[in-house]
1. Sort out which residues of the stretch 168-178 are surrounded by 17 or more Cβ atoms within 10 Å (Cβ to Cβ) and more than 10 Å from the ligand (Cβ to nearest atom), and write them in order of number.
2. What's the number of the condition Val165 fails, among (1) surrounded by fewer than 16 Cβ atoms within 10 Å (Cβ to Cβ); (2) within 16 Å of the ligand (Cβ to nearest atom)?
3. Within the stretch 124-139, restricting attention to residues that are free of Cβ contacts under 8 Å to residues at least 40 places away in the same chain and surrounded by fewer than 16 Cβ atoms within 10 Å (Cβ to Cβ), which residue is farthest from the ligand (Cβ to nearest atom)?
Amino acid sequence: MDPQTATLLPVEGASADAARVDDADTPLLGTQAPLFHSRRDFCVTACQALSLAAVAATIQACGGGGGNPNESGGNPLPLLSSLNATVVNGAATLTVAGTALASTNGAAMVSTPNFGQVLVVRTDAASVSVMTATCTHQQCTITGFENGVFQCPCHGSRFNTTGGVVRGPATASLRRFNATITGDTLSITA
Ligand code: FES
């Protein structure tokens, strides 16, 4: 037979099942390919989408990715030095000679028996500013400081030397304490 005029004929004995499989996998010309070939394909794709949505929601719940100093692009500030105070006549008391608080603009984390951990910054020769070290966002302990700015390690909130928010996600100022410095003696009261 001339190959150019040959006619394709059904193959004797070919199974109907085989024909149906071919029909399912190969879309007809002029028709659109199905989005999912099977229920399993649909489930796999749907689960992947849900997983991505859950990760995004978790990041958002943690205060947003951009505010975390430990994430790419973040900028953690140097850690504060730690000092301990004792209680004298109801005031948390500390000798600052030889510490970071001996000079203006120096700052430290001070552990007190009566007010917990507080942030102290020496604002000039005769005065200090004292505020709680507990972040107002989700109560992490603030540990970073540089150039008059305190930073929380959890989500990157920053506070100035009077406890005001200079960068969120925190929105509330830090609680402040009354404090005096006389000679080398720092006294902190409620
Ligand atoms: S606890 Fe979130 S920024 Fe401090």
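1. Leu174, Phe177
2. (1)
3. Ala125
Throughout, read-outs are computed from the coordinates displayed, never taken from laboratory work. Since the structure is predicted, the reported quantities are computational estimates derived from the model, not experimental observations. No Cβ is skipped: glycine too gets one built from the backbone with ideal geometry, and neighbour counts run over all protein chains shown.
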